[in-house]
Amino acid sequence: MRIYKTQNQKDKLFFTNYKRLDEEIVFNEIVDILKSNPSVSIGNKIVGPSEDIYSCNILKEEFELVLDIDYGGYIQSNSEKALNLLENILN
């Protein structure tokens, strides 16, 4: 698995699913990695009609973990610092 950003969506980190696993399995692997890091706080799960969202923090910087039923998982944040920290943890 690799974590990456795109030029036109700089507020998101996406996951490459090299093994072609179910997207929920990949997402749960990301959640487990982040839960094991003491700098990361995973919030409660909010279940929507097409996506599950976790409101989270890393060193007081906010981000959301999102599992979209159509497009898979990604991380979203308005904090560039949070995205950089998360990218370093996950890559």
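The values are calculated or read from the model by the stated rules, or taken from the named source; none is laboratory data. The model shown is predicted, which means the values in this text are computed figures rather than measured ones. Heads up, the Cβs are rebuilt from the backbone with ideal geometry, glycines too, and the neighbour counts pull from every protein chain shown.
Please go through the range 51-83 and pick out each residue that is hydroxyl-bearing (Ser, Thr, Tyr) and either modelled with pLDDT of 95 or more or assigned to a strand (DSSP E or B) (or both). Selection gives Tyr54, Ser55, Tyr74, Ser77, Ser79. With respect to (1) part of a loop (DSSP other than H, G, I, E, B); (2) in contact (Cβ under 8 Å) with a residue 60 or more places away in the chain, the lone exception for Leu86 is condition (1). If the condition is being free of Cβ contacts under 8 Å to residues at least 12 places away in the same chain and among the acidic types (Asp, Glu), then the range 22-71 contributes Asp22, Asp32.
Lys5 falls short on exactly one of the conditions (1) free of Cβ contacts under 8 Å to residues at least 24 places away in the same chain; (2) over 10 Å from the mean Cα position of the chain (by Cα), and that condition is (1). Being touching an Asp or Glu at 6+ places or on another chain (Cβ under 7 Å), exposed (fewer than 13 other Cβ atoms within 10 Å of the Cβ) and outside any helix (DSSP H, G or I): is that true of Asn44 here? No, not satisfied.
Scanning the range 47-88 for residues that are among the aliphatic types (A, V, I, L, M), surrounded by fewer than 16 Cβ atoms within 10 Å (Cβ to Cβ) and under 18 Å from Lys35 (Cβ atoms) gives a single hit, Leu59.
Checked against (1) assigned to a strand (DSSP E or B); (2) touching a helix residue (DSSP H, G or I) at 6+ places or on another chain (Cβ under 9 Å), Asn37 passes all but a single condition, namely (1). Screening the candidates Asn57, Asn84 for the property of being more than 18 Å from Arg2 (Cα to Cα) and either in contact with a strand residue (DSSP E or B) (Cβ under 7 Å, 6 or more places away or on another chain) or not hydrophobic (A, V, I, L, M, F, W, C) (or both) yields one hit, Asn57.
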